[in-house]
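Asker: Can you read through this structure? Questions will come right after.
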Ligand code: UDP
């Protein structure tokens, strides 16, 4: 099976992370996976949501917002504000991003703070939700380290790195990290979120006007796990680099 961009079935697109692109944020990353590019910015507020206070829930909270910039798609996508409401897809995606990051942040250690993770798609070519998670994981890690550096906490309230990737079935075969052309062509849409230990945070798979077999699910899972391991290696390389020379210096 030949992929249009010549990638092997188990090969993720070229990934890169540009740090500190929004200096007012506690952590910010422009993540690129092939032609998909997402800006991930983290800000911390010294307050918790009202429901936490009302229910006497201790610790802090992490929440996310996702949006596609109007010029991120080939035809202009109007901002949600013009329609007066958030579309269902964005709501679904921002909740996924929030869940994925709450799985790796130690909310108790974070203390009475809210971590806002804003993901804005600069260029969309498939896999924007997974790229957002992979980029936001780094932005959150950097923001958590900053809390410790500023002596607001003894240690960064982050437990693990997390990353996400898509997979699908194209002409009967599993492929990983679909671009938009592939996303339109596949019969199964699969997204996996997992930590650096290989533990799952979320597994999503749906037949698009089609069904899929257990063997195909297994194949997608194997490819996605390998893809996530590759992405985590790329994240680690970036973190190792900034240990030597921090982005803010
Ligand atoms: N897309 C688009 N306009 C939209 C929604 C999606 O052009 O309003 C394109 C975009 O390239 C996106 C792809 O369709 O990356 C796949 O969308 P999906 O909803 O599957 O989410 P994603 O794969 O980006 O997480």
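Asker: Suppose we filter segment 136-162 for residues that are closer than 15 Å to residue 16 by Cα and outside any helix (DSSP H, G or I); how many remain?
Answerer: 0
Asker: Restricting attention to segment 228-242, does a residue exist that is within 16 Å of the ligand (Cβ to nearest atom) and buried (at least 16 other Cβ atoms within 10 Å of the Cβ)?
Answerer: Checking segment 228-242: at least one residue is within 16 Å of the ligand (Cβ to nearest atom) and buried (at least 16 other Cβ atoms within 10 Å of the Cβ).
Asker: Look at residue 165 and say whether it is without any contact (Cβ under 8 Å) to a residue 40 or more places away in the chain and part of a strand (DSSP E or B).
Answerer: no
Asker: Could I ask something else about it? For residues that are within 12 Å of the ligand (Cβ to nearest atom) and surrounded by 14 or more Cβ atoms within 10 Å (Cβ to Cβ), scanning just segment 59-72, find the one that is farthest from residue 47 (Cα to Cα).
Answerer: 72
Asker: Looking at 155, 185, 174, 148, which is the one that is away from the ligand (no atom under 16 Å from the Cβ) and out of contact with any helix residue (DSSP H, G or I) (no Cβ under 9 Å at 6 or more places or on another chain)?
Answerer: 148
Asker: Now a separate question. Just to be sure I understand, how many residues within segment 158-171 are within 16 Å of the ligand (Cβ to nearest atom) and surrounded by fewer than 22 Cβ atoms within 10 Å (Cβ to Cβ)?
Answerer: 1
Asker: Keeping to segment 23-58, report how many residues are closer than 21 Å to residue 158 by Cα and buried (at least 16 other Cβ atoms within 10 Å of the Cβ).
Answerer: Count: 15.
Asker: Can you list the strands (runs of 3 or more DSSP E) found entirely within segment 1-74 that contain at least 3 residues being in contact with a helix residue (DSSP H, G or I) (Cβ under 6 Å, 6 or more places away or on another chain) and in contact (Cβ under 8 Å) with a residue 60 or more places away in the chain?
Answerer: Strands (runs of 3 or more DSSP E) meeting the threshold: 27-33, 36-45, 61-68.
Asker: While we're looking at this one, here's another question. Looking at residue 75, is it loosely packed, with under 14 Cβ neighbours inside 10 Å and modelled with pLDDT of 95 or more?
Answerer: Judged against the criteria, residue 75 is a match.
Asker: Step by step: first the residues of segment 86-135, then only those that are near the ligand (Cβ under 10 Å from one of its atoms), under 13 Å from residue 39 (Cα atoms) and outside any loop (DSSP other than H, G, I, E, B), then the one that is farthest from the chain's Cα centre (by Cα). Which residue is that?
Answerer: If we take residues in segment 86-135 being near the ligand (Cβ under 10 Å from one of its atoms), under 13 Å from residue 39 (Cα atoms) and outside any loop (DSSP other than H, G, I, E, B), then 123 is farthest from the chain's Cα centre (by Cα).
The values are calculated or read from the model by the stated rules, or taken from the named source; none is laboratory data. Bear in mind that the values here come from a model prediction, so they are computed numbers and not experimental data. When we count neighbours, we look across all protein chains shown, and the Cβ atoms used for this are built from the backbone with ideal geometry, even at glycine.
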